[in-house]
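What follows is calculated from the coordinates using simple rules that are stated; it is not laboratory data. No experiment lies behind these values; they were computed from the predicted model shown. In this analysis, Cβ positions are derived from the backbone assuming ideal geometry, glycine residues included, and neighbour counts consider all displayed protein chains.
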Amino acid sequence: MAAKHSLATAIRTVRKARGLSQEAFSDVSSRTYMSSLERDLKSPTLNKLAELCEVMEIHPVTLLTLAYSGNDSKKADQLLSQVRHELELLAQTDDE
């Protein structure tokens, strides 16, 4: 399942919405790395994504939801409903 919108766009959107410069991430990455992420030239590891989200004060799932649904709240609701359903199914499998 490909992201309908890109992670790069989601990172840039949240960063700007929070009023953060690329330099604000200097404790976890370089400005050059942030620029590369936002231009979709690089992809962060899960650990790096978590660090970036800490700076932006959002949960990584929020960022990924934005990447998959854009600013469309209906699509976000559908995606989160799907995630909830899949987690419930996985929990049932663990109980067996």
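Note on the chain: helix-only mean residue ellipticity at 222 nm, from DSSP H runs of 4+ residues weighted -39500 (n - 2.57) and normalised by residue number, equals -20500 deg cm²/dmol.
Taking the convex hull of the Cα atoms, report for the stretch 7-95 its projected area averaged over all directions, in nm². Walk me through the numbers before you get to the answer.
Values: hull surface 25.6 nm².
Over all viewing directions, the stretch 7-95 projects a mean Cα-hull area of 6.4 nm².
How do the peptides 81-89, 56-64, 20-28 rank, highest first, by the average count of neighbouring beta carbon atoms within 10 Å per residue?
56-64, 20-28, 81-89
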